[in-house]
Amino acid sequence: MKKFAKILLACLVLLLALIASLLAYSEWIVSDARHYTYDQVEQVPYNRVAVVLGTSKYLSGGGPNHYFKYRIKAAAELYNDAKVDFIIVSGDNATVQYNEPRQMRRALIKAGIPASAIYMDFAGFRTLDSVVRAKEVFGQDRFTVVSQGFHNERAIFIARHFGIDAVGFNAEDPSAYQGIRTRVREVFARLMGLLDLYVLDKGPKFLGEPVPIGLPVPCKSLSTIGSLQPCLKQPKPAVAEIKPTAVPAAVAVTEPVTPAVSATAAPEQVTPVKPVIEAAAKPPTATLPTLPVEPSAASASVPAQ
């Protein structure tokens, strides 16, 4: 019995050692992506699109989520410093009440970002989904990821595995007290990320139709899970199209016609036809009938010669 307990204990120790080794390896290999992250907005290279990774606006207890607050602030800094032209807010949209992309979009608009520059990805259920969908659905093979530093490292590691040239802008970290649970969860998330990529070969849960960045998007409902966007007004043309109006036949101008003159025939004088407009401008003349005049009495008395 004691021998069996020793074997069981040895197996447990080996299992824990294996898990610890895997955690350490995942931490080391994912952390190497920190070379592609930036802390200062002036150092961030220009990319056309930024992808803001989703999180809830409020904590489970009802208090404000500072991860959310600082990511919105970082995304606004990128846009205002002309480091990006468009922003994709990617997150979970599990229920009508819980909608991370819509919350992030409203916060960005409140921060002064134009609504036409914001695109929502409602199927960013995981970091892997957000990163791969940015390429497969939104057509971006290079972009700037916006999140906290530890999260950016994992996102960039995933992106480069799929051939995406991504960099990260590190949002401010909350206090150690607020972020302790998130940091512990991140350790295991990195290990699961390696398993997803190299063992399970997982991909995004949903893809969907392509969404071009920078073009007007038709009005569609926001309640359906997918990559649907809010209604954007179509731009009006700078110059209104002028439709040609039909000219009445009575007002048409007849051009003078010059007949072809042969070399042998004598040239004839051709009278050009006056424009109809000139003829129509003249008032019509009426011919009055001539009435018979009776001779007066004086003229009647004069004899005819």
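Remarks
- Among the candidates TYR38, TYR79, TYR25, TYR58, the residue that is modelled with pLDDT of 95 or more and over 21 Å from ARG133 (Cβ atoms) is uniquely TYR38.
- You will find that of ALA74, ALA117, ALA111, ALA94, the residue that is aliphatic (A, V, I, L, M) and crowded, with 20+ Cβ neighbours inside 10 Å is ALA74 and no other.
- Residue match in region 183-194 (condition: surrounded by 15 or more Cβ atoms within 10 Å (Cβ to Cβ), of a type in the set (Asp, Glu) and in contact with a strand residue (DSSP E or B) (Cβ under 6 Å, 6 or more places away or on another chain)): no
- Residues in region 77-88 that are outside any loop (DSSP other than H, G, I, E, B) and open to solvent by less than 20 Å² (accessible area, probe 1.4 Å) were compared, and the one that is nearest to PHE125 (Cα to Cα) is ILE88.
- Subset of region 39-56 that is assigned to a loop (DSSP other than H, G, I, E, B) and under 15 Å from ALA155 (Cα atoms) - its residue that is nearest to the chain's Cα centre (by Cα): GLY54
- Within region 57-76, being assigned to a loop (DSSP other than H, G, I, E, B) and touching a residue at least 12 places away in the same chain (Cβ under 8 Å) holds for one residue alone: LYS57.
The values are calculated or read from the model by the stated rules, or taken from the named source; none is laboratory data. Fair warning: this is a prediction, and the values are worked out from it, not measured in the lab. Here Cβ is always computed from backbone atoms with ideal geometry, including for glycine, and neighbour counts include all displayed protein chains. In case anyone asks, the SASA skips ligands and DNA or RNA and just uses the protein heavy atoms, side chains included. Shrake-Rupley method; radii C 1.70, N 1.55, O 1.52, S 1.80 Å.
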